[in-house]
Protein chains: 2
Amino acid sequence: MEIENNNPKILLILSEKKLKGIFMSWDKILLDHGSGGRASHELIERVFVPRFQNPFLNEMNDSAVLDLKGGKLAFTTDSYVVDPIFFPGGDIGSLAVCGTVNDLAMRGAQPCYLSVGFIIEEGFPLSDLEQILVSMEKAALEAGVQIVTGDTKVVPKGAVDKIFINTSGIGLIPEGIHIAGQNAQSGDAVLVSGTLGDHGLTILSKREGLAFESSLKSDAAPLNRLVGDMLQAGLEIHVLRDPTRGGLATTLNEIAGQSRVGVEIWEEAIPIRESVAAASEILGLDPLYVANEGKLIALLPQSQAEAGLALMKKNPYGQEAAVIGEVRRENPGKVVMKTTIGGKRLVDMLTGEQLPRIC
Amino acid sequence: MEIENNNPKILLILSEKKLKGIFMSWDKILLDHGSGGRASHELIERVFVPRFQNPFLNEMNDSAVLDLKGGKLAFTTDSYVVDPIFFPGGDIGSLAVCGTVNDLAMRGAQPCYLSVGFIIEEGFPLSDLEQILVSMEKAALEAGVQIVTGDTKVVPKGAVDKIFINTSGIGLIPEGIHIAGQNAQSGDAVLVSGTLGDHGLTILSKREGLAFESSLKSDAAPLNRLVGDMLQAGLEIHVLRDPTRGGLATTLNEIAGQSRVGVEIWEEAIPIRESVAAASEILGLDPLYVANEGKLIALLPQSQAEAGLALMKKNPYGQEAAVIGEVRRENPGKVVMKTTIGGKRLVDMLTGEQLPRIC
């Protein structure tokens, strides 16, 4: 690659290392790659575009231009700071796509377009970045979304730990769908699409290098097709939520508060893998408070609970779905759990940070 | 504030410091504030919502739901990692709003909705966060955009330097507008809306504690009303770009490449403040390569150059606008500068990183 710039001021300030980075075939991300200049273009054209190509992104303008029919759009954003960045069942890339896809799906939207913002530490291995991009591509393909616009910043060593990713997303909400945390009604059944705690316990075990790590796997997955099937079947879904940070307990508390209803859940009905239960026991964590990245909670009229459950179980991400409780008029704003031994206890929101950098 | 959680497992894992954080009136951001649990809610409800309230955000669901007429949407994203976070003329908050508003405006879009993702270092002063939010609110108000959805992550000390902000944005493109880097035509005039290099030199001077800092000020500003005025006047704008990272030189090279045209600029026509020129000289930087955050380049037919210039000068952010060059058939893909002393030289893209963390 030739440097045509003949402005001595610019060349002067390049350290030898940086110049090497431009001349050599690089295997690490350099500050140059975030300059907005030639090295940035090289990174985008050689690494990002081949992975995510689509007519919107290929245009390489300040914004992607999307042609949409009128109607309701869902719009959401999430930053991903998970540590470690690679873990059983996924990595920060698949998480960044699935998490934002799921936030759109939780409003009943069909996810369409994602933006992606990378913040990368100087010296980050190119091979790791490529592995992350492969995961993002795979997850985007599965979810049926396109990554249409992006941004890359490179910061000096120590200013960020390895790599953070922000994804924002736009989805289309079909006519007549109105799903929100405010819509829970007394008499609704509470369904969960599968086992709880898998993601959070996997991350923590991997981070701490614990022995039971091998039996755990993150559940990170795009749930939009599962939601799509339920909507297409005409189920009258009132609330959909994915219990990420804060887990099932916090999410149900949020719904109870937003809808001013009480939620009762039944401990023995809540699906938890044995390996997750064992790891939780050892670590002193309650899986009800641990993040999930491929699970949803659905609230719909009792009369449709069985139909909803059957539909969930047909989907690869809903095979262990269960009815775990019901919405009541009593105790508005509260979540109460009927325990296995027959008692009842209040289940509050998560107080304090169980697991930093869990997603 | 009362902790109602009676799950001993959860309480056990809270360190004393963290518990204090919940009980006390806190003045620093704690890991708890990123937990997704009660402390997160407190942060959002006490700090974020009062600042950004609007019906979309107040709904507090996974995605904001927006009702849009059909048509063309612009969608963009940018992460802001500027260091220092406060500087003359702005801060990371105003930058995060203006930068994304401008990326939308550069497609001729009317910016409507922003998302915001905060990544905050544990221990970050709450008063600094509040100051940033005030700036964001002010910039959003000026630009006429609403912040409709958001996310906050808190990471342990050392995992991020202070605070990074991602904003993504959605804008509506009026019927008949088609502005893109691909549309430059031979015969177009090249206009710039004001002086160059102000933002980059301000950041660098402030960061290095240089003496001339006091005479410099970032130009960070939302340019959407300036663009709106030009479009409303019926000007046939081919290309709009804001010369941020990589500066004027890199941006013009991008346009030359995308449109396969040559761009000639005239050194003596390019507006640069004396203080910026002096600082550039001392630091060995070329202001043509330095980031701007409140300037745009417009390419439009020669015949409309005077009308365009007059319109720009009427806007508070365009008072020092100038015609600085023209688009030619010769040297496609290249930018050539006619120097003050009469010669011509090739102006390449920025090679290497002049200023990390400039925006």
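Looking at A:231, A:235, can you tell me which residue is open to solvent by 10 Å² or more (accessible area, probe 1.4 Å), assigned to a helix (DSSP H, G or I) and closer than 19 Å to residue A:104 by Cα?
Residue meeting the stated conditions: A:231.
Residues checked against (1) in contact with a Gly (Cβ under 6 Å, 6 or more places away or on another chain); (2) of a type in the set (A, V, I, L, M); (3) surrounded by fewer than 23 Cβ atoms within 10 Å (Cβ to Cβ):
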| site | (1), (2), (3) |
| --- | --- |
| A:30 | yes, yes, no |
| A:41 | no, no, yes |
| A:52 | no, no, yes |
| A:66 | no, yes, yes |
| A:75 | no, no, no |
| A:102 | no, no, no |
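Residue B:209 versus (1) surrounded by fewer than 24 Cβ atoms within 10 Å (Cβ to Cβ); (2) within 15 Å of the chain's Cα centre (by Cα); (3) at positive phi: which is the lone unmet condition?
For residue B:209, the failing item is (2).
One line per residue, one yes/no per condition, for (1) closer than 30 Å to residue A:112 by Cβ; (2) among the acidic types (Asp, Glu):
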{"site": "A:255", "(1), (2)": "yes, no"}
{"site": "A:267", "(1), (2)": "no, yes"}
{"site": "A:275", "(1), (2)": "no, no"}
{"site": "A:278", "(1), (2)": "no, no"}
{"site": "A:283", "(1), (2)": "no, no"}
{"site": "A:287", "(1), (2)": "no, no"}
{"site": "A:303", "(1), (2)": "no, no"}
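Please tell me if residue A:249 is open to solvent by less than 40 Å² (accessible area, probe 1.4 Å), assigned to a strand (DSSP E or B), at pLDDT 95 or above and not assigned by TED's automatic domain parsing to the domain that holds residue A:114.
no
Only one residue in B:138, B:206, B:157 is out of contact with any Leu (no Cβ under 6 Å at 6 or more places or on another chain) and either in a loop (DSSP other than H, G, I, E, B) or within 14 Å of another protein chain (Cβ to nearest Cβ) (or both), so which one is that?
Answer to the check: B:157.
Among the residues of region B:67-83, write down those that are at pLDDT below 80 and basic (Lys, Arg).
Of everything in region B:67-83, just one residue is at pLDDT below 80 and basic (Lys, Arg), namely B:69.
Among the residues of region B:70-83, count how many are in contact (Cβ under 8 Å) with a residue 12 or more places away in the chain and farther than 26 Å from residue B:244 by Cβ.
Here the count works out to 1.
Within region A:30-43, is there a residue that is over 17 Å from residue B:257 (Cα atoms), part of a loop (DSSP other than H, G, I, E, B), out of contact with any helix residue (DSSP H, G or I) (no Cβ under 8 Å at 6 or more places or on another chain) and more than 11 Å from chain B (Cβ to nearest Cβ)?
no
Residue B:127 is checked against (1) buried (at least 16 other Cβ atoms within 10 Å of the Cβ); (2) in a helix (DSSP H, G or I) and fails just one. What number does that condition carry?
Every condition holds for residue B:127 apart from (1).
Return the only residue of B:331, B:292 being in the same structural domain as residue B:202 (by TED's automatic domain parsing), touching a residue at least 60 places away in the same chain (Cβ under 8 Å) and touching a helix residue (DSSP H, G or I) at 6+ places or on another chain (Cβ under 7 Å).
The unique qualifying residue is B:292.
Looking only at region A:101-135, count how many residues are more than 9 Å from chain B (Cβ to nearest Cβ) and among the acidic types (Asp, Glu).
3
Has region A:82-100 got any residue that is under 13 Å from the mean Cα position of the chain (by Cα) and at the interface with chain B (Cβ under 7 Å from one of its Cβ atoms)?
Scanning region A:82-100, I find no residue that is under 13 Å from the mean Cα position of the chain (by Cα) and at the interface with chain B (Cβ under 7 Å from one of its Cβ atoms), so the answer is no.
If we keep just the residues of region A:160-183 that are more than 7 Å from every other protein chain (Cβ to nearest Cβ) and either among the hydroxyl-bearing types (Ser, Thr, Tyr) or in a loop (DSSP other than H, G, I, E, B) (or both), which is nearest to residue A:82 (Cα to Cα)?
Once the filter is applied, the top-ranked residue is A:162.
Out of curiosity, is residue B:151 surrounded by fewer than 20 Cβ atoms within 10 Å (Cβ to Cβ) and more than 14 Å from the chain's Cα centre (by Cα)?
In short, no.
When you scan region A:314-328, do you find a residue that is within 11 Å of chain B (Cβ to nearest Cβ), farther than 24 Å from residue A:203 by Cβ and surrounded by 21 or more Cβ atoms within 10 Å (Cβ to Cβ), even just one?
No, every residue in region A:314-328 fails to be within 11 Å of chain B (Cβ to nearest Cβ), farther than 24 Å from residue A:203 by Cβ and surrounded by 21 or more Cβ atoms within 10 Å (Cβ to Cβ).
For the subset of region A:252-307 comprising residues that are of a type in the set (Lys, Arg) and within 25 Å of the chain's Cα centre (by Cα), which member is least open to solvent (accessible area, probe 1.4 Å)?
A:295
The values are calculated or read from the model by the stated rules, or taken from the named source; none is laboratory data. Note that the structure is a prediction, hence the values are computed from the model and not measured. Heads up, the Cβs are rebuilt from the backbone with ideal geometry, glycines too, and the neighbour counts pull from every protein chain shown. Only protein heavy atoms, including side chains, enter the accessible area calculation; ligands, DNA and RNA are left aside. Shrake-Rupley method; radii C 1.70, N 1.55, O 1.52, S 1.80 Å.
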